[in-house]
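Starting off with a structure, shown below.
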Amino acid sequence: MVLAATCIAVLSVMALALARALQADTVYDRILGINMFGTKTAVLIALMGFLSERPDFLDIAIVYALINFIGMIAVLRFFEYTATSGR
Amino acid sequence: MILETISNILLIVGAFFALTGAYGLFKFPDFFTRVHAASVTDSIATILLFLGLILRTDFDLVAVKLVFVLVFVLLTSPTASHALAKSARHGGVATLAESNNKDNTDG
Amino acid sequence: MNTKTLSHLAIWTLTLAVFWLLLSGFFKPLLLGFGLFSVLLVVFLLQRMDSFDQQPEQPALGIPSLRYAIWLVGQVLLSSVKVAKLVWSRNKALSPAVAKLPLTDIPDNNRVRYANSITLTPGTLSIDIDDQHVTVHALEQESIEELQAGDMANKIATVLGGKS
């Protein structure tokens, strides 16, 4: 019960982060929203594992957390000195 | 069960902090303050949610894996925030105080 | 290769092996073989990197690091409540502040941990770091004063060890 409610809360946080990323006016705001979306996805996968009582999902959560971080750093390397304001 | 009650409380409080961060993402006025709001979701909400999940396991390998995910997220999320703030700073995003000063001198 | 580097590599091998076993939880020969291969590969890369930059780093797994982590979680909790109040309060003007904090007291190998701890705590964010200073952006002037009082810096320097 509480697990399901927490899943819904995390899902709405992800929706809000995505909405923020879509209506952002600089590229950094977008990346901020996407980063939050990614970390919450790892949390959501772990929660879903408990909700469906299959803890194997945790391995996917680990991989997702790591890939999210590496992806963030790659995107930021790409943008660090090139973008002043992207629309 | 006492453990399950504590776990429920932790999950609910964690979800509340996550929503707080998401609301702050819309409410706060400039980029750097929004990073602060996002870091509420990234740090405290993650800690509370994973602690709540750990209390629901039988304290076996699953709990250890949860601890690993928690440690990964706690090590990587500040690094990502720092990299983001640094590249925004170098990319010329002004802080709130700086843009206020600019408005004053312009007007 | 002297005994110091050997024991350093041995500690890493042990840590990584335990890490692999905890993550996999299987004891079939094939999977153990994969684990052995990965651990040896990582230790080989680690040895090359250490001989390149001459800054070997032990895994921080002792009691002091654990105590520091618990203290840090407490700090994160306290400042999260502060930031949450700021988020939900109506018509309260924000007064973000930027300051440069000196890094000279912190040993080289702990500066990343210091900057990461600052960023992990909601309300403070390290936005730039160089040899002398770390530039900190805070939601409130108060948080910067707390950092300037040097509580976190002292804990890092003394609790996490590493002579200055």
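Given 0.36 nm per residue, what is the gain on full extension from C:ASP108 to C:THR158 after removing their alpha carbon distance, in nm? Display every interim value, and only then the final one.
Numbers: separation 50, 0.36 × 50 = 18.00 nm, distance 1.35 nm.
Taking C:ASP108 through C:THR158 to full extension adds about 16.6 nm, to one decimal.
Which trypsin sites (Lys or Arg not before Pro) in the stretch C:32-130 sit in a loop by DSSP (not H, G, I, E or B) and have at most 14 other Cβ atoms within 10 Å of their own Cβ?
Numbers: sites: C:ARG48, C:ARG67, C:LYS82, C:LYS85, C:ARG90, C:LYS92, C:LYS100, C:ARG111, C:ARG113; in loops: C:ARG90, C:LYS92.
Taking the stretch C:32-130 and a limit of 14 other Cβ atoms within 10 Å, the loop trypsin sites (Lys or Arg not before Pro) found are C:ARG90, C:LYS92.
Quick one: Cα convex hull volume of the protein assembly as shown, Å³ per residue?
Working: hull volume 58.1 nm³, N = 358.
So the per-residue Cα hull volume is 162 Å³.
Does the stretch B:1-79 classify as rounded, prolate or oblate by the C-alpha gyration tensor (a ≥ b ≥ c root eigenvalues; a/c under 1.5 gives rounded; else a/b over b/c gives prolate, otherwise oblate)?
Details: a/c = 5.35, a/b = 1.73, b/c = 3.09.
The shape class here is oblate.
Ok, one more. Pop the C-beta distance of A:LEU66 and C:LEU78 into the FRET formula with R0 = 35 Å and round what comes out to the nearest 0.05. Could you put the intermediate results ahead of the total?
On the way: r = 29 Å, r/R0 = 0.84.
Result of the calculation: an efficiency of 0.75.
Estimate the FRET efficiency between A:ASP56 and A:GLN23 by the formula 1/(1 + (r/R0)^6), using the beta-carbon distance for r and 41 Å for R0, to the nearest 0.05.
Values: r = 37 Å, r/R0 = 0.90.
Efficiency computed from Cβ-Cβ geometry: 0.65.
For chain C, rounded, prolate or oblate, judged on the Cα gyration tensor with a ≥ b ≥ c (square roots of eigenvalues), a/c < 1.5 rounded, else prolate if a/b > b/c? The partial results should precede the final answer.
Working: a/c = 2.88, a/b = 1.83, b/c = 1.57.
Prolate.
Here is a follow-up. For chain A, take the alpha-carbon Rg, divide it by the Kirkwood Rh, and send me Rg/Rh.
On the way: Rg = 15.0 Å, Rh = 14.0 Å.
Radius of gyration relative to Kirkwood radius: 1.07.
Which of the residue pairs C:LYS82/C:LYS155; B:LYS86/C:LYS155; B:LYS27/C:LYS155 have a Cα-Cα distance greater than 31 Å in the structure shown? Write down the numbers at each step before the final one.
On the way: C:LYS82/C:LYS155 22 Å; B:LYS86/C:LYS155 25 Å; B:LYS27/C:LYS155 34 Å.
Where the Cα-Cα span goes over 31 Å, the pairs concerned are B:LYS27/C:LYS155.
When the helix-only estimate is applied to chain C (DSSP H runs of n ≥ 4, each -39,500 (n - 2.57), divided by the residue count), what is the mean residue ellipticity at 222 nm, nearest 500 deg cm²/dmol? Show your work: numbers first, answer last.
Values: 6 runs with 101 residues, N = 164.
The helix-only estimate for chain C comes to -20500 deg cm²/dmol at 222 nm.
Measuring from label point to label point, each 7 Å out along Cα→Cβ, what is the C:THR5 to C:GLN58 span in nm?
The answer from the label model is 1.9 nm.
Ok, one more. Checking understanding here: applying a Kyte-Doolittle mean of at least 0.5 and a length along the axis of at least 15 Å (C-alpha), which whole DSSP H helices in chain C pass? Intermediate values should be presented prior to the final figure.
Values: long enough: C:3-24 (31 Å, 1.29); C:29-53 (36 Å, 1.48); C:63-88 (38 Å, 1.13).
Correct list, ordered by number: C:3-24, C:29-53, C:63-88.
Looking at the stretch B:1-99, which chymotrypsin sites (Phe, Trp or Tyr not before Pro) are DSSP coil and have at most 10 other C-beta atoms within 10 Å of their C-beta?
Numbers: sites: B:PHE16, B:PHE17, B:TYR23, B:PHE26, B:PHE31, B:PHE32, B:PHE50, B:PHE59, B:PHE68, B:PHE72; in loops: B:PHE59.
Those that pass, being in a loop and sparsely packed, are B:PHE59.
Any idea what angle helix A:57-79 forms with the longest principal axis of chain A, computed on alpha-carbon atoms, 0 to 90 degrees, nearest 10?
Its long axis makes an angle of about 0 degrees.
A short reminder: the numbers here are calculations on the coordinates, not readings from a lab. Bear in mind that the values here come from a model prediction, so they are computed numbers and not experimental data. Note that we place each Cβ from the backbone using ideal geometry, even for glycine, and neighbour counts take in every protein chain shown.
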